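In what follows, a structure is listed as structure tokens, so that the remarks can point back to it.
What follows draws every value from the coordinates through simple rules; no lab data is involved. This one's a predicted model, so the numbers in the text were calculated from it and none came from an experiment. When we count neighbours, we look across all protein chains shown, and the Cβ atoms used for this are built from the backbone with ideal geometry, even at glycine.
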There are 2 protein chains.
Amino acid sequence: MEVTNKRILLKDHVVGPAKEGDMVASTETVRLEVPVGSKGVLLKNLYLSCDPYLRTLMNRPLDGQEESGFPPFKPGSVIIGFGVAKVVDTGHPDFKVGDYVWGLTGWEEFTKISNPETLFKIKYTDVPLSYYTGLLGMTGMTAYAGFYEICSPKKGEFVYISAASGAVGQIVGQYAKLMGCYVVGSAGSNEKVNLLKTKFGFDDAFNYKEEHDLAAALKRHFPQGIDIYFENVGGAMLEAVLLNMRDHGRIAVCGMISQYNLEKPEGVHNLFCLVTKRIRMQGFAWFDHSHKYDEFVETTRQHIKEGKIRVRGRHCQRS
Amino acid sequence: MEVTNKRILLKDHVVGPAKEGDMVASTETVRLEVPVGSKGVLLKNLYLSCDPYLRTLMNRPLDGQEESGFPPFKPGSVIIGFGVAKVVDTGHPDFKVGDYVWGLTGWEEFTKISNPETLFKIKYTDVPLSYYTGLLGMTGMTAYAGFYEICSPKKGEFVYISAASGAVGQIVGQYAKLMGCYVVGSAGSNEKVNLLKTKFGFDDAFNYKEEHDLAAALKRHFPQGIDIYFENVGGAMLEAVLLNMRDHGRIAVCGMISQYNLEKPEGVHNLFCLVTKRIRMQGFAWFDHSHKYDEFVETTRQHIKEGKIRVRGRHCQRS
């Protein structure tokens with residue numbers, strides 16, 4: 001059966017903040033079956049997630065980036081991002097029609113995945129399926145891997161999270177509280193700050209846009225210094241954090257959102273603090289830790305059930 | 001007995017490259033004995049080492065630096081650095097008169113050390129004593145800890161070292177060769193480059209001052225990318241290295257010499273590569289690894305005896 005397939009394509013490499021005009025909607029047709037002999041699957045996409053990292057893939061590629069783990073989008077091609085989908089046809093023995101999956105898919109109604117081993121089968125459907133675009137999907141797994149595998153956290157440590165109300169930050173903060181850390185987050189509006197302090201149980205939070213001296217703001221919130229910084233923003237915030245880190249601190253570098261729309265990213269000062277304070281600063285990506293996914297889902301699902309981890313926003317069930 | 005004690009004092013905090021006038025020689029007197037009941041030792045200094053990190057301690061202290069592991073020098077006080085010395089008097093049961101030691105001492109003829117547990121006793125005197133200011137002292141131990149403990153090296157990996165002909169870099173390169181890595185170093189003169197390729201057995205080396213595009217120079221030397229960067233210089237070199245790192249690369253941050261004389265250190269771009277390539281960048285200091293000192297001396301001494309590690313410069317024996 002052939003049906004129409006509405007798709008969102010990248011028009012050209014993006015400069016500055018992404019605008020509606022940088023993308024174009026196109027309607028094509030797709031046959032609702034995988035070719036005979038294929039090991040692929042055909043997905044009906046149910047939820048698509050718009051995540052900050054997507055912006056970095058819309059830039060003109062840097063030297064060598066084409067071959068990296070993060071190849072940039074090609075103009076004219078469909079946007080690829082994380083989503084939740086239902087299997088409509090399958091040539092792969094591990095997937096059957098009707099299975100729910102999450103993973104990289106297209107911003108379109110139907111997507112053919114030639115190597116479905118990159119997809120995760122959704123085992124638990126007693127939570128809204130949309131959770132698998134966030135809390136139980138890539139962003140949750142990013143928080144889990146970043147906090148437990150990269151930050152080497154210990155009870156009682158001082159944890160700072162930037163972009164803390166974002167999909168990753170809000171979960172990191174809740175994991176850190178579960179571990180018995182002191183947790184402060186920053187965000188860009190008073191509404192978000194309020195959310196951190198009330199809904200997500202952060203010990204404290206501040207609106208970075210209201211601070212003219214970020215280093216002083218951090219000093220105020222962490223007079224004894226920061227053991228763990230969960231880095232989501234980069235730039236001036238990273239500079240200020242470096243001055244406030246404690247000896248043997250750890251910085252998990254998840255993203256650098258403040259830089260994504262800049263044509264020329266800012267230079268970061270104070271890196272010499274890495275030496276004087278013997279700091280470990282480590283970039284990571286969730287997929288290097290995907291062997292931890294089952295452990296992550298089991299524990300996080302349990303936390304959700306027990307109300308120990310809370311989710312932001314409305315989620316609706318579709319089928 | 002009271003004798004004269006010639007000392008080198010820091011006159012004031014230094015701006016720009018340190019000049020002779022930033023220091024002042026002063027002659028005082030010292031009693032050649034420790035007070036009754038003291039657990040200290042009195043040292044006759046034999047060799048003093050002038051190391052690049054000293055420059056960083058001559059700056060006006062940054063906020064919080066006073067309480068850090070690297071407190072800056074106070075104007076008017078004697079310069080403190082690494083040296084080799086002989087015990088002249090002792091109140092400490094672990095040290096006897098005539099012992100040779102190395103560790104932090106003053107730039108002066110005689111130094112009273114109130115807590116001699118910070119000193120290392122010199123066990124082997126079948127090598128020139130001056131080796132304990134370098135190869136078998138702080139800089140050698142820095143190379144050892146930095147390479148084996150921080151870089152997580154594996155046979156066959158691609159290793160790049162900046163300031164490679166320096167006291168630390170030249171040893172790191174030789175350890176890396178012993179491990180079976182491919183090793184390239186950079187230095188600031190053709191004489192030094194030649195030394196790296198001939199005396200120290202680096203696979204290749206280049207004069208960074210002759211390269212107008214550092215990223216291109218690194219690409220030429222490491223077409224397949226860099227697994228391990230031993231960072232001694234910071235600034236523009238670090239920016240170029242980040243572009244040339246491989247996935248899961250490691251950067252051991254030992255120092256950032258290029259920045260020490262600047263009033264305002266340069267900002268470093270390309271840090272987003274930490275995320276895309278999942279790089280670990282880690283500052284370290286030898287003293288966090290001093291439990292490895294005996295192991296380091298035993299193995300490195302053996303390497304020297306077997307001609308597997310070579311030393312630069314003339315060393316003379318004094319008593």
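One Cα centroid belongs to the range A:161-239, the other to the range B:229-245; the line between them spans 30 Å. Between copies, the label points at residue A:247 (set 7 angstrom from Cα along Cα-to-Cβ) are spaced 3.7 nm, reported in nanometres from shortest to longest.
Here the protein assembly as shown is assigned +1 on the Cβ of each Lys and Arg and -1 on the Cβ of each Asp and Glu. Its dipole about the Cα centre then comes out at about 600 debye. Only one residue of A:73, A:115, A:57 has its Cα farthest out toward the positive end of the dipole of the range A:30-162, where Lys and Arg carry +1 and Asp and Glu -1 on Cβ, and that residue is A:115.
Where chain A is carried onto chain B by rotation, the Cβ closest to that axis, with its residue and distance in Å, is A:267, 1.
Starting from the Cα of residue B:77, move 7 Å in the Cα-to-Cβ direction to define the label point; list residues of the range B:257-273 whose amide nitrogen is under 17 Å from there. Counting backbone N atoms under 17 Å from the label point, the list is empty.
Beta bridges per DSSP, both residues in the protein assembly as shown: antiparallel share near 60 percent. The calculated 222 nm mean residue ellipticity attributable to helices in chain A amounts to -5500 deg cm²/dmol, summing -39500 (n - 2.57) over DSSP H runs of n ≥ 4 and dividing by all residues.
Peptides B:91-97, B:161-167, A:98-104: what's the order by average Cβ count within 10 Å, highest mean first? Before the final figure, lay out the partial values.
Details: B:91-97: 13.9, B:161-167: 26.6, A:98-104: 18.0.
Highest to lowest by the protection proxy: B:161-167, A:98-104, B:91-97.
Within the listed set A:203, A:288, A:89, the Gaussian network model of chain A (springs between alpha-carbon atoms below 10 Å) gives the highest mean-square fluctuation for A:288.
Gain on full extension, evaluated as 0.36 nm per residue between residue B:2 and residue B:39 minus their Cα-Cα distance, stands at 11.3 nm.
Using the Cβ of residue B:238 as centre and a radius below 10 Å, the other residues enclosed give a net charge of -3, where K and R count +1 and D and E count -1. Computed over neighbours whose Cβ is under 10 Å from that of residue A:157, the net charge equals +3, Lys and Arg +1, Asp and Glu -1. Could you compute the net charge surrounding residue A:6? Neighbours are other residues with a C-beta less than 13 Å from the C-beta of residue A:6; K and R count +1, D and E count -1. Spelling it out: positives minus negatives among the neighbours equals -1.
For each pair in B:177/B:305; A:277/B:199; A:155/A:308, compute the distance between the two Cα atoms and list the pairs where it is over 26 Å. Listed pairs above 26 Å: A:277/B:199.
Packing here is the average count of other Cβ atoms within 10 Å per residue, and on that basis the peptides B:260-270, B:40-50, highest first, run B:40-50, B:260-270. When the Kirkwood hydrodynamic radius is evaluated over all pairs of different C-alpha atoms of the range A:132-250, what value in angstrom, to one decimal, is obtained? About 13.9 Å for the range A:132-250.
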